[in-house]
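Asker: This is the structure I have questions about; it appears just below.
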Amino acid sequence: MRSWVGRRLPRLEDPTILRGLGNYVADVAVDAKLFATFIRSPIAAGKLKQASAPEGVQCYFARDIIAQPIRPVLNRPDYVAVEMPILAFDDIRFAGEPIAVVLASTQAESEDLAELVDFDIDVLAPVLDTQSASASGTRPVHDVDFPSDVNVVINSNIKTPNFDEVFAAADVVVEVEVISHRQSAMPLETRGSVASFDPRTGRTTLTTSTQMPHIVQLGICESLGIPVSELRVIAPDVGGAFGGKMSLAREDVALVALARKLRTSIAWIETRSENFLSSWHSREQVYRVEGAFKDGYLTALKADILADVGAYSCYPVTFGVEPLMAMAELPGPYNFAEYSVRSRAVITNKCPIAPYRGVSRPVQTLAMERLIETAALKMNMDPWELRDRNLIHEFPYRSPSGLVVDPGSYRESLRLAKKLSNVEEFRDRQAKAREQGIWIGMGISSFSERTGYGTPAFAARGMGITPGFERVSMTMDSSGGVELRIGASPHGQGLTTALAQLVADQLKIDPGDIRVIHGDTDSTPFGWGTFASRSMVICGGATQLAANDMRDQLLNIAGAMLEISPRDLILEDGEVRVVGSPVSVPIAEIARTAYLSSHLLPEGSAGLYSTGEYDPAGTFSDACHVVEVEVDIETGGVEIVKYLVVEDAGILINPAIVDGQIHGGVAQGIANALYEELVYDSQGNLLSTTFLDYLPPTMAEIPHIDIHHLETHTDASLTGAKGVGEGGTIGAPAAILNAITDALSPFGISINEMPATPSRLRDKIRTAQEVMQ
Amino acid sequence: MKPQAFAYERAESVDQAVAALVEHGDEAKVLAGGQSLLPMMNFRLARPEVLIDIGGISDLRGWSLSQDTVTIRSLTRHCDIQNSDVPGPLGALLRYAAGLVGHLPIRIRGTFGGSLAHSDPSSEWCMMATLLDARMHVMGPSGARVIDARDFFLTVFTPAIEFDEVLTHIELPALGSNYRVNLKEFARRAGDFAIVAVMSAIEVRDNVITDARLCAGGVSDRALRLVQAEAALIGQAPTPETFAQAASLASQEVDPNGDLHGSKEFRQDLVKALTKRSLAGSLT
Amino acid sequence: MSSPRESITLNVNGSNYDIDVEPRRSLADALREDCHLTGTRLGCEHGVCGACTVLMNDEPVRACLVLAVQAQGQAVRTVEGLSVGSEPLHPVQQAFWEHHALQCGFCTAGFLMLATSIVESDNVPTDQELTDVLASNLCRCTGYQNIKKAVCSAIEATRK
């Protein structure tokens, strides 16, 4: 029988959602007793002097909520831990920070009453940019000791032993500075939660739109000082997250505290503006990179990385997540030995940062790919050739930052992409187009995507809480149905379907007979959730182990039933068959026997239960993106004409799902490259708080994406699958900005800032035109 | 994100609507399609205490043509205009502009008069009214009056309609067949309000421009006629050089503010590019 | 602060719902909370994302920008009406399933209703027209490619 792995199986999750029967947190909220409105500071920095609510308004301030502040930790000397109170009570550190929460019996009424709450803030000058934030004499955003400069909360270095010597020996040094502005993960469903106290058990259930229910449970219980057993966390259907729902929300702590205090149920559904203001931001970074080349080979890289991480540290991954990932992974797919990097995080009076699809990699890929293009120009080399000779190609490869890269197809993906791109035909077309005043350009981006990494990778970062492993437990019931309980927490990735495909192949049953249970701390094993392109690799590996164990149990029991050695049995088409004989026993009968006639079986084989645990070091996917753009030089508008992805994500469990991840990832990368930007004014007020000002692209802005797969087999992943959730987003900005730069090459302009908005492009073009005149 | 509470009344006729407005004073607002008002109310940026829903007044729907004037009644939906068969260059401009109003679901609810009464400086209909010197007919307690477009748009979101008046219909000149009309918009995404838009109508007789109308949106607190550029076109042949010269003048005569979507210079660049393209193109 | 409630009848998917609502109640909230039809979702409440798209008199509208009181007397259709109970999926739903046109599912109801209006219309849209209409709604997961493919396939399936 054909294997289930590799099939474009329509997702098992979908019919429910398609019929409108999905169950998102707002659907649970309909039945809540009370509805919360958080009152948020309109001021970026200041001291809260007083806050009060009129009689009759059910309003709670910091003093009413007994909870420890959220204080994430990294065990490294350069990390500065800061505290985030559940509600601000003294210092106001960013516009949007919650000060109080009002409860009422309807959402509209709670918004009405929230307008009556009075508070007074002594305004301070906000600290808003990384340059001035770390200048001596600047007011610290938190009153803590800073081991280096003021407001610098991460200050890390790597320098390989022979760096200075090799850098000095270069025949060409190329320097590039790239800038990324603030962006939002912006799931279509905002955050939201319902905390519900059960007087019968004394426990509280938090239903919340999250990527990591077990960690939410842990974080809230730590803050409230209660045993984990007193809180059940449920992630219902989650309307997208992209990293934006993997950090502990102070609002959730407040809701649970109040639900316990008032012995009731309270719902909070974030508004879109609240999501922009106070859900997590990301990617406000500057990279200055210098590449040293000798004979056309990159030999040494020097880099200075600076991230504006906002006012607080996110739990559990901390505000080290961007600068530390950037430092470790900047070398990317390129083969060189010497590396000197400084990576810093600076706190400011802005919304805190947290992971967003790709985290630092879209920007670090932009830095490396702009460096390669700039170097090719300077050395008068073909950029395809320059990449080809510098891409890693012997595995395992040890990067200058110490990462071990498993086998991939870096050169092969580049070469296939080149072949598919008809480069010569394009250059011809480009020259003819220019004669007619049409400015087209082609851009390349080669990159790696580190995925599926377990505790070793997080431990290397010094995390106080060290994520990584995943566990699953599997049961086959007495009629042969399989139930798989997982600690991962999928929210749109189709993991249920992909895991069912894996199990179906191991147990020779139909994927439709497999139920996957996730997103409930009461009924799933502890797990870290779904983020960082990890679930297919780690949870998939754990599932494979559990399924193998289950298969062995079935064979053993069948062996006992048939009085034959399990070695002479095979699983096929829903039954166990004796090799070379017509004798067989259906799985359902084995299952029935395991439960209902266990006295016939050897001791210890009653029931059918298995578990799997997997904690891999990680694996790298790789890809090459090639983009063709047309730039309207008079308006600065950019149209993406063609988009090609050559991707190696190892073995594809469900190619339709993989393609979907790439489509969506590239669309977000396009958004990052051209459209989306969170803009603060000079007083620290966020200006982009609606979909009129923050611009997720529509279908009209996203081109057709042509995808080709290579499938390198790796031992770094049990199933052979590599993660693919972030690659699309990681590769797109670099490819697009390279394409724009190529289109505008006659103007001698480099486009190193994202998003490359029409206004920014026009400013560059206008300046170049003035110089040329 | 729920609006502040309000009372709701349905008006069955314009007279009833005016009576309700008189009764409730300036705490009341007229609700037409609601596609601009309701979002502002959801953000609590608009807080009317009473909404007078005129959506059921069927007399306020549709358009008619008499001699040289096209009359569009205020509740005519954007999608109805997009599908209308108003003849000549005006019809072409109306249909094309209607297609650029928001997205389909917005065009299905939103109305011509509602958009004008909302007075967003980059709205297609505010530009068209300004471009063609539309005549706005309003009804109030003391009867009907007409407001010329140039007097209608006071500033952002502020039309010269009194609190107790209802915009009933708009007269536009039916442009003769010698008119070439066009609209060019620059928006970051499909369906967005344009950052800058330029609408044009030029009359060409015997290869000479005999009337020139240019209007820019997104550069001021109201849609703006580009008078210097218009003047430079009259009497000239409709050549690329003429258009380029007018476009340069247009970009110099506007004084837009920069905002998060672009700098002042960027908007001036857009005025130049879009003026040139609008003049060069023709919808007929 | 609240204002007097109005008693209205909403006709949704062919059934009448007698409900009492404040005038400020949006059609979306009335569907979800008063009619208990939670398949219609709210993504922005300012008319841009389209997650709340429903059909009113067979035309797509933003249910966050229609007051429940305005919907009185109109025929409203929601995702729950596309295929009821154990009925097979509606051709548009089926096409979305087969073409992997959803991931997290939060935009799906809105896109299904928008697509249904296209599939039911007499005109076969050009590729550009199709993009124009489908650009009305936001999806954060799919990159739109499979949504477009699904709608094209549903159009074809229903014309056969």
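Asker: Just to confirm a number: summing +1 for Lys and Arg and -1 for Asp and Glu over residues other than B:MET139 whose beta-carbon lies under 15 angstrom from that of B:MET139, what do you get? Show your work: numbers first, answer last.
Answerer: Numbers: positive: B:ARG73, B:ARG135, B:ARG145; negative: B:GLU12, B:ASP15, B:ASP59, B:GLU162, B:ASP164, B:GLU165, B:GLU171.
That works out to -4.
Asker: Related question: Using Cα atoms only, what is the angle between the long axis of helix B:264-280 and the major principal axis of chain B, expressed in degrees (0 to 90) to the nearest 10?
Answerer: 70 degrees
Asker: Averaged across A:655-667, how many Cβ atoms of other chains sit within 10 Å of each residue's Cβ atom? Walk me through the numbers before you get to the answer.
Answerer: Working: counts 1, 4, 2, 0, 4, 10, 4, 2, 9, 10, 2, 2, 7.
Whole-number average of other-chain Cβ neighbours for A:655-667 is 4.
Asker: Out of all DSSP beta bridges with both ends in the range A:469-614, state the antiparallel percent to the nearest 5.
Answerer: Numbers: 18 of 22 bridges.
Around 80 percent antiparallel, to the nearest 5.
Asker: Kindly rank B:45-53, B:226-234 from highest to lowest mean number of other beta carbons found within 10 Å of each residue.
Answerer: On the way: B:45-53: 18.3, B:226-234: 20.0.
The densest-packed peptide leads the list: B:226-234, B:45-53.
Asker: Among C:TRP97, A:ILE66, B:VAL30, whose Cα projects farthest towards the positive end of the dipole of the protein assembly as shown, with charges put on the beta-carbon of Lys, Arg (+1) and Asp, Glu (-1)?
Answerer: So the residue we want is C:TRP97.
Asker: Let me ask you something else. Which GluC sites (Glu not before Pro) from the range A:52-147 combine a DSSP loop assignment with at most 15 other Cβ atoms within 10 Å?
Answerer: Working: sites: A:GLU55, A:GLU83, A:GLU109, A:GLU111, A:GLU115; in loops: A:GLU55, A:GLU83, A:GLU115.
Within the range A:52-147, the qualifying GluC sites (Glu not before Pro) (loop, at most 15 other Cβ atoms within 10 Å) are A:GLU55, A:GLU83, A:GLU115.
Asker: Also, I was wondering about something else. If you average the alpha carbon positions of the range A:419-491 and of the range A:711-744, how far apart do those two centres end up, in angstrom?
Answerer: One Cα centre to the other: 6 Å.
Asker: Rounded to the nearest Å, what's the spacing between the alpha carbon centres of the range B:125-200 and the range A:641-704? Just the number, please.
Answerer: 36 Å
Asker: Counting other beta carbons within 10 Å of each Cβ, put A:PHE38, B:PHE43, A:PHE61 in order, fewest first. Walk me through the intermediate numbers first.
Answerer: Numbers: A:PHE38 23, B:PHE43 17, A:PHE61 20.
Least crowded to most crowded, the residues run B:PHE43, A:PHE61, A:PHE38.
Asker: Along Cα→Cβ, 7 Å out, is where each label goes; now give me the distance between the ones at B:GLU12 and A:GLN58 in nm to one decimal.
Answerer: If labels sit at B:GLU12 and A:GLN58, their model points lie 4.3 nm apart.
Asker: Would you mind checking the tilt of helix B:240-253 against the longest principal axis of the Cα atoms of chain B, expressed as 0 to 90 degrees and rounded to 10?
Answerer: Here the helix axis deviates by roughly 50 degrees.
Asker: Counting only other chains, and only Cβ atoms inside 10 Å, what mean value do you get across the residues of A:683-694? Present the calculation step by step, with values, prior to reporting the outcome.
Answerer: Values: counts 0, 0, 0, 0, 2, 2, 1, 5, 9, 9, 3, 2.
Mean number of neighbouring Cβ atoms from other chains: 3.
Asker: Per-residue HN-Hα couplings for the range B:219-232, Karplus 6.51 cos²θ - 1.76 cosθ + 1.60 at θ = phi - 60°, whole Hz, x for Gly and Pro?
Answerer: Each residue's phi maps through the Karplus curve to give 10, 7, 7, 8, 4, 10, 6, 9, 5, 5, 5, 4, 4, 6 Hz.
Asker: For an R0 of 45 angstrom, estimate the FRET efficiency from the Cβ-Cβ distance between A:ASP198 and C:ASN16 and round to the nearest 0.05. Walk me through the numbers on the way to the answer.
Answerer: Values: r = 36 Å, r/R0 = 0.81.
Taking R0 as 45 Å, the efficiency between A:ASP198 and C:ASN16 is 0.80.
Asker: While we're here: Nothing charged except the Cβ atoms of Lys and Arg (+1) and of Asp and Glu (-1): what's the magnitude of the dipole of chain A about its Cα centre? Round to the nearest 20 debye. Walk me through the intermediate numbers first.
Answerer: On the way: 65 positive and 98 negative charges, 108 e Å.
Result for chain A is approximately 520 debye, rounded to the nearest 20.
Asker: I would also like to ask the following. Given 0.36 nm per residue, what is the gain on full extension from A:ASP510 to A:ASN157 after removing their alpha carbon distance, in nm? Walk me through the intermediate numbers first.
Answerer: On the way: separation 353, 0.36 × 353 = 127.08 nm, distance 5.18 nm.
Stretched out fully, the A:ASP510 to A:ASN157 stretch lengthens by 121.9 nm.
Asker: Still on this structure, I have one more. Which whole-number percent gives the relative contact order of the range A:320-450, counting Cα pairs below 8 Å spaced six or more residues apart? Each step should come with its number before you reach the end.
Answerer: On the way: 115 pairs, mean separation 38.2, N = 131.
In percent, rounded to a whole number, it is 29.
Asker: Same structure, new question: Give the relative contact order (percent, whole number) for chain A; include only Cα pairs under 8 Å separated by 6+ residues. Could you put the intermediate results ahead of the total?
Answerer: On the way: 1954 pairs, mean separation 121.8, N = 773.
Across chain A, relative contact order equals 16 percent.
Asker: I would also like to ask the following. B:THR168: net charge of surrounding residues, Cβ under 10 Å, Lys/Arg +1, Asp/Glu -1, itself excluded? Mind dumping the intermediate values first?
Answerer: Working: positive: B:ARG73; negative: B:ASP59, B:GLU165.
Once positives and negatives cancel, what remains is -1.
Asker: Let me ask something else about it. Considering only A:PRO213, A:ALA303, A:SER409, whose Cα is most displaced toward the positive end of the charge dipole of chain A, charges sitting on Cβ of Lys, Arg (+1) and Asp, Glu (-1)?
Answerer: A:PRO213
Asker: Roughly how tilted is helix C:108-120, in degrees to the nearest 10 and between 0 and 90, from the longest Cα axis of chain C?
Answerer: Compared with the principal axis, the helix lies near 70 degrees.
Asker: For the range C:1-58, just say rounded, prolate or oblate: build the C-alpha gyration tensor, square-root its eigenvalues into a ≥ b ≥ c, call rounded for a/c under 1.5, and beyond that prolate if a/b exceeds b/c, oblate if not. Write out the running numbers ahead of the final one.
Answerer: Details: a/c = 2.05, a/b = 1.18, b/c = 1.73.
Taking the square roots of the gyration eigenvalues as a ≥ b ≥ c, the range C:1-58 is oblate.
Asker: Related question: Under a point-charge model restricted to the Cβ atoms of Lys and Arg (+1) and Asp and Glu (-1), what is the dipole moment magnitude of chain B relative to its Cα centre, in debye to the nearest 20?
Answerer: Numbers: 27 positive and 34 negative charges, 196 e Å.
It comes to approximately 940 debye.
Asker: Kindly rank A:217-230, C:8-21 from highest to lowest mean number of other beta carbons found within 10 Å of each residue.
Answerer: Working: A:217-230: 18.3, C:8-21: 15.8.
Listed from highest to lowest mean packing, they are A:217-230, C:8-21.
Asker: Using a ≥ b ≥ c from the Cα gyration tensor of chain A (square roots of the eigenvalues), is it rounded, prolate or oblate, where a/c under 1.5 gives rounded and otherwise the larger of a/b and b/c decides, a/b for prolate?
Answerer: Details: a/c = 1.84, a/b = 1.13, b/c = 1.63.
Cα axes put chain A in the oblate bin.
Asker: Among the listed pairs A:LYS764/B:LYS276; A:LYS418/A:LYS764; A:LYS159/A:LYS245; A:LYS49/A:LYS261; A:LYS432/B:LYS184, which are separated by more than 31 Å between their Cα atoms?
Answerer: Checking Cα-Cα distances, A:LYS159/A:LYS245 exceed 31 Å.
Asker: Right, something else. Consider a paramagnetic label point 7 Å from the Cα of A:GLN68 along Cα→Cβ; state which residues of the range A:202-227 have an amide N under 18 Å from it.
Answerer: So the set is A:215-227.
Asker: Please report the antiparallel percentage of the DSSP beta bridges confined to chain A, to the nearest 5. Don't jump to the answer; show the numbers that get you there.
Answerer: On the way: 107 of 137 bridges.
In chain A, DSSP labels about 80 percent of beta bridges as antiparallel.
Asker: Within 10 Å of each Cβ of B:24-33, how many other protein chain Cβ atoms are there on average?
Answerer: Working: counts 0, 0, 0, 0, 0, 0, 0, 3, 0, 4.
Neighbouring Cβ atoms belonging to other protein chains average 1 per residue here.
Asker: Under a Cβ-Cβ cut-off of 14 Å, what is the net charge of the residues other than A:THR160 that fall near it, where Lys and Arg count +1 and Asp and Glu count -1?
Answerer: Net local charge, A:THR160 excluded: +1.
Asker: To continue, here is another question. Using only DSSP helix segments of four residues or longer, with each worth -39500 (n - 2.57), what per-residue ellipticity at 222 nm results for chain B after dividing by its residue count and rounding to 500?
Answerer: Values: 11 runs with 97 residues, N = 284.
Only helices count here, giving -9500 deg cm²/dmol.
Asker: What is the distance in Å between the Cα centres of the range C:25-86 and the range A:179-215?
Answerer: Result: 25 Å between the Cα centres.
Asker: Placing +1 on the Cβ of each Lys and Arg and -1 on the Cβ of each Asp and Glu in the range A:1-121, which of A:VAL82, A:GLY6, A:ILE92 has its Cα farthest towards the positive end of the resulting dipole?
Answerer: Farthest along the dipole direction, towards plus: A:GLY6.
Asker: May I pose another question? Taking θ as phi - 60°, what are the ³J(HN,Hα) couplings along the range A:605-613 by the Karplus curve (6.51, -1.76, 1.60), each to the nearest whole Hz, with x for Gly and Pro?
Answerer: Whole-Hz 3J(HN,Hα) from phi for the range A:605-613: 10, 5, x, 10, 10, 8, 9, x, 9.
Asker: When only DSSP loop residues count, what trypsin sites (Lys or Arg not before Pro) in the range A:164-245 have their Cβ near at most 10 other Cβ atoms within 10 Å? Walk me through the numbers before you get to the answer.
Answerer: Working: sites: A:ARG182, A:ARG191, A:ARG200, A:ARG203, A:ARG232, A:LYS245; in loops: A:ARG182, A:ARG191, A:ARG200, A:LYS245.
Sparse-neighbourhood loop trypsin sites (Lys or Arg not before Pro): A:ARG200.
Asker: Using the structure shown, select from A:LYS419/C:LYS148; A:LYS294/A:LYS378; A:LYS508/A:LYS722 the pairs with a Cα to Cα distance greater than 20 angstrom. Don't skip to the answer; put the middle values down first.
Answerer: Working: A:LYS419/C:LYS148 28 Å; A:LYS294/A:LYS378 13 Å; A:LYS508/A:LYS722 24 Å.
Result: A:LYS419/C:LYS148; A:LYS508/A:LYS722 exceed 20 Å.
Each reported figure results from applying straightforward, stated rules to the coordinates on display, with no laboratory input. Computed from a predicted structure; not experimentally measured. Note that each Cβ is placed from the backbone with ideal geometry, even for glycine, and that neighbours are counted across all protein chains shown.
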